[in-house]
Amino acid sequence: MMTDRNHSTHNLFELVKNDVGSGLVARRHFSKGETIYPLSWTGHCSVPSRWTIQRGMDDHADILPIELRYVNHSCNPNVFFDVEKNELRALRDIAPGEEFRYFYPSTEWEMDEPFDCKCGEAQCCGRIEGASRMPPEVLKRYELSSVIMKKLQSRLNEASSKNIDPRNNIYRSAVDGY
Ligand SMILES: [Zn+2]
């Protein structure tokens, strides 16, 4: 597999104006599983803001390079911000000209600015407020950060401890426990 040796971002992606404001578009082909770009972090904060990504239970940070903040949401994402390996990764093959899109609740438990998604995908989740507001059945379709997985698991444990029927599967009981 070809790798970009100098990590010059303009060979890899570019910022464009689109119907939602700005977006980041691939300038070359990326293969499923490929690292698109390594991530670094700045401006750590204990609460989320519009631009931060959640890296820990109480760790929200701005992403570098700064253009990556313009990766928009989709309910059918093609990239994942891996906050453990510190890389932006392709979830499937991405063609040149295709916009990078990630699933915000894959890293965000509670979002600072919830919105009504208009991604137009068949599986669109509608209101996007963070993973805390989504049914586990929906979340399990997606790759999730370990922070989101941990928070989800503690919610499931709490729900199953209250569940009167142990034959219910864990996901069902969590939804009923809402
Ligand atoms: Zn959507």
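Measuring max minus min along each principal axis, the C-alpha atoms of the chain give extents of 57, 35, 32 Å (largest first). Most simply put, the chain has about 90% antiparallel DSSP beta bridges, counting only bridges with both residues inside it. Counting other Cβ atoms within 10 Å as a rough exposure proxy, the listed residues Met57, Met134, Met149, Met111 run Met57, Met149, Met134, Met111 from fewest neighbours to most. Scalar couplings 3J(HN,Hα) for segment 107-114, obtained by applying the Karplus form with A = 6.51, B = -1.76, C = 1.60 to θ = phi - 60°, are 10, 10, 7, 10, 8, 5, 10, x Hz; x denotes Gly and Pro. Computed over the alpha-carbon atoms, segment 1-106 gives an Rg to Rh ratio of 0.94, Rh here being the Kirkwood radius from the mean inverse distance. Of the residues Val25, Val147, Val79, Val47, the one with the fewest other Cβ atoms within 10 Å heads the list, and the complete ranking is Val47, Val25, Val147, Val79.
Please compute the net charge surrounding Ser22, taking Lys and Arg as +1 and Asp and Glu as -1 over other residues with Cβ under 12 Å from its Cβ.
That works out to -2.
Remark on Asp93: its backbone amide H falls under 5 Å from those of Lys32, a criterion applied only to residues 5 or more positions apart or on other chains, H modelled at 1.01 Å from N. Electrostatic tally near Arg133: other residues with Cβ closer than 9 Å to its Cβ, Lys and Arg +1, Asp and Glu -1, net -1.
A cut-off of 5 Å between modelled amide H atoms, ignoring neighbours fewer than 5 places along the same chain, links Glu87 with Leu39, Asp82.
Work out, step by step, the length gained on full extension between Glu113 and Asn76: first 0.36 nm times the residue separation, then minus their alpha carbon distance; give nm to one decimal. Each step should come with its number before you reach the end.
Working: separation 37, 0.36 × 37 = 13.32 nm, distance 1.98 nm.
Between Glu113 and Asn76, full extension yields an extra 11.3 nm.
For segment 85-169, the alpha carbon positions stretch 52, 30, 27 Å along the principal axes, listed from largest to smallest.
Projecting the Cα atoms of Thr35, Asn157, His60 onto the dipole axis of segment 9-176, where Lys and Arg carry +1 and Asp and Glu carry -1 at the beta carbon, places Asn157 farthest toward the positive end. Work through the residues other than Met111 whose Cβ is under 11 Å from its Cβ and net out their charges, Lys, Arg +1 and Asp, Glu -1. Here the charged neighbours net out to -2. Residues whose amide H falls under 5 Å from that of Arg101, counting only those 5 or more places apart or on a different chain, are Asn78, Val79, with hydrogens built in the peptide plane.
Relative contact order for the chain: what percent, with Cα pairs under 8 Å and sequence separation of 6 or more? Value for the chain: 18 percent. In this structure, Leu15 and Glu98 have a Cβ-Cβ separation that, at R0 = 22 Å, corresponds to a calculated FRET efficiency of about 0.95. Mind checking which aspartates and glutamates have their Cα closer than 19 Å to the Cα of Lys140? Skip sequence neighbours fewer than 8 apart in that chain. Within reach: Asp82, Glu84, Glu108, Glu110, Glu121, Glu129, Glu158, Asp176.
Along the chain, counting only trypsin sites (Lys or Arg not before Pro) with a DSSP assignment other than H, G, I, E or B and at most 14 other Cβ atoms inside a 10 Å radius, the longest segment between sites is 51-84. Beyond a 19 Å Cα-Cα separation, which of these cross-linked pairs lie in this structure: Lys85/Lys118; Lys32/Lys85; Lys17/Lys118? Where the Cα-Cα span goes over 19 Å, the pairs concerned are Lys85/Lys118.
Taken together, the values in this text are just the output of simple stated rules run on the coordinates, not laboratory data. What you see is a predicted model; the values in this text were computed from it and never measured. FYI the Cβ positions are ideal-geometry reconstructions off the backbone, even for glycines, and counts take in every protein chain you see.
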